[in-house]
Amino acid sequence: PSSGLARDVRADFPILATKLDGKPPVYLDNAATTQIPRQVLDAVHDYYSNDNSNVGRGVHTLGMRATDRFMRSRERVRAFLNAAEASEIVFTKSATESVNLVAQGFGTHAVAAGDEVLISGLEHHSNLLPWRQLCLRTGAVLQVADVDEYGEPSLDAFRAKITERTRLIAVAHVSNVQGTVNPVREIAAEAHSHGIFVVVDGAQAVAHRSVDVRDLDADFYCFSAHKMYGPHGTGVLYGKAEHFERMEPLLLGGGMTPIATYADGPVGARPPLLFEAGSPNIAGMVGTAAAMDYLDGLGRDAVGGHDAALAARAAEGLRALDGVTVYGAQAPLGGIVSFNVDGVHPHDVGSHLNTFGIATRTGVHCAVPFLDSLGIVGSVRASFGVYNTMEEAELLIDSVTTAEKGFWSMNHPDERFLKG
Ligand code: PMP
């Protein structure tokens, strides 16, 4: 049944009809970047073809049309997250920029010397380094909620590290390494009972599940459009209005305020424009809104269920192979499977898979401390999206089986010429 969705949507993605060395792409690197459907390409093309101008500046027709699309895109994101106000949505260039904006613009006010910032042990560098930097600048201390033997942080792991100095918790909604879904709603409830702010890195979540920031009660929520069938160069930061009132911008300049003097700082700038100085990536926002329409048209939970079913099959098939280690405890709900073939470098496995047209990510996944805690130098990551099929999951398993044999042959010269 899960391939049914893929059959319906594959024709929407032009890149899937191309050939790589004569083979159709088997694109299992969706956690790095998803492919873009025609509907999103068309929206961007339409914007540039019919409405292109700058926003919030001109009184001419194209300027007003561009401004209108820009504002409608923001409203679309508000609805996508079920935020209360469109002014709680700030456009950035990436999830990374969103986290940095919170760390620098808000964190420096919320955290002082001796305070603690708590993250989990599975964070992406983009939800680690900005907090380390904040601690360095303020004299705060970075604390890490431990992961268990399967690499999963629990609510109790956070509880164990909360002290009366904890001011802010930053945590991934879904792990980019192994698809673990963290209990962010429960973490937020616990945090708020201690007056602690919660920043959720939703980069790996938004393409796989409905996200309601009010239900989660996240203080801030960050993601990128390019991991949810939208364009590169566009990110989102949601923040509660009361927090945006206290947050300072990273950039200053045109677009944020109509008023400026030599003597004072910016006057009259209000969220969200306060945080969006400079000409924005309007086409990126239009494309982001179109990607949200696309995902919601299919149903985010249906898409997430599809991706999770494929990842679960891949994990099961790979676990059944001798000499293959699959990471993570549960069925990987985030649509991601991470594994290694014993004695074979992940890059070699990835290159082997590439000969079958299979794209995976290999290496450290921008999460070196987490991989250190798993005791590995890297892994192969297969991540599934809406257009992937059960046949592709099976092909992955079969191709890893031959990788095992192939590398075994190389390691045992007598067997080198065996076919298998
Ligand atoms: N957090 C997580 C969990 C991610 O997977 C990624 C992207 N790999 C990021 C943050 C950063 O996203 P971006 O590179 O789009 O800023």
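When the residues of segment 92-111 are filtered to those that are of a type in the set (S, T, N, Q), in a helix (DSSP H, G or I) and surrounded by fewer than 24 Cβ atoms within 10 Å (Cβ to Cβ), which remaining residue is farthest from the ligand (Cβ to nearest atom)?
If we take residues in segment 92-111 being of a type in the set (S, T, N, Q), in a helix (DSSP H, G or I) and surrounded by fewer than 24 Cβ atoms within 10 Å (Cβ to Cβ), then 108 is farthest from the ligand (Cβ to nearest atom).
Would you please name the residue that is farthest from residue 246 (Cα to Cα), looking only at residues in segment 193-208 that are more than 16 Å from the ligand (Cβ to nearest atom) and either acidic (Asp, Glu) or part of a loop (DSSP other than H, G, I, E, B) (or both)?
Looking at residues that are more than 16 Å from the ligand (Cβ to nearest atom) and either acidic (Asp, Glu) or part of a loop (DSSP other than H, G, I, E, B) (or both), I get 194.
One residue is enough: does segment 72-84 have a residue meeting the conditions open to solvent by 10 Å² or more (accessible area, probe 1.4 Å), touching a residue at least 12 places away in the same chain (Cβ under 8 Å), over 30 Å from residue 168 (Cα atoms) and more than 16 Å from the ligand (Cβ to nearest atom)?
Within segment 72-84 (the criterion being open to solvent by 10 Å² or more (accessible area, probe 1.4 Å), touching a residue at least 12 places away in the same chain (Cβ under 8 Å), over 30 Å from residue 168 (Cα atoms) and more than 16 Å from the ligand (Cβ to nearest atom)), the answer is yes, since at least one residue qualifies.
For residue 166, which of the numbered conditions (1) over 23 Å from residue 288 (Cα atoms); (2) buried (at least 24 other Cβ atoms within 10 Å of the Cβ); (3) among the hydroxyl-bearing types (Ser, Thr, Tyr) fails to hold?
All conditions are met except number (2).
With (1) in a loop (DSSP other than H, G, I, E, B); (2) touching a helix residue (DSSP H, G or I) at 6+ places or on another chain (Cβ under 7 Å); (3) more than 16 Å from the ligand (Cβ to nearest atom); (4) open to solvent by 20 Å² or more (accessible area, probe 1.4 Å) as the list, and residue 44 as the residue in question, which single condition is left unmet?
Among (1) in a loop (DSSP other than H, G, I, E, B); (2) touching a helix residue (DSSP H, G or I) at 6+ places or on another chain (Cβ under 7 Å); (3) more than 16 Å from the ligand (Cβ to nearest atom); (4) open to solvent by 20 Å² or more (accessible area, probe 1.4 Å), the lone unmet condition for residue 44 is (1).
For residues that are under 23 Å from the mean Cα position of the chain (by Cα) and open to solvent by 10 Å² or more (accessible area, probe 1.4 Å), scanning just segment 182-197, find the one that is nearest to residue 115 (Cα to Cα).
Per the stated criteria, the residue is 197.
Could you say whether any residue in segment 226-239 is in a helix (DSSP H, G or I) and either in contact with a helix residue (DSSP H, G or I) (Cβ under 7 Å, 6 or more places away or on another chain) or buried (at least 18 other Cβ atoms within 10 Å of the Cβ) (or both)?
yes
State whether the residues of segment 19-38 include one that is in a helix (DSSP H, G or I), of a type in the set (A, V, I, L, M, F, W, C) and surrounded by fewer than 20 Cβ atoms within 10 Å (Cβ to Cβ).
No, because not a single residue in segment 19-38 is in a helix (DSSP H, G or I), of a type in the set (A, V, I, L, M, F, W, C) and surrounded by fewer than 20 Cβ atoms within 10 Å (Cβ to Cβ).
Among the candidates 149, 190, 164, which residue alone is assigned to a loop (DSSP other than H, G, I, E, B), away from the ligand (no atom under 13 Å from the Cβ) and farther than 30 Å from residue 315 by Cα?
164 is the lone residue from the list that is assigned to a loop (DSSP other than H, G, I, E, B), away from the ligand (no atom under 13 Å from the Cβ) and farther than 30 Å from residue 315 by Cα.
The values are calculated or read from the model by the stated rules, or taken from the named source; none is laboratory data. All values reported here derive from a predicted model rather than from experimental measurement. Backbone-built Cβ (ideal geometry, glycine too); neighbour counts: all protein chains shown. With ligands, DNA and RNA removed, areas are computed over all heavy atoms of the protein, side chains included. Shrake-Rupley method; radii C 1.70, N 1.55, O 1.52, S 1.80 Å.
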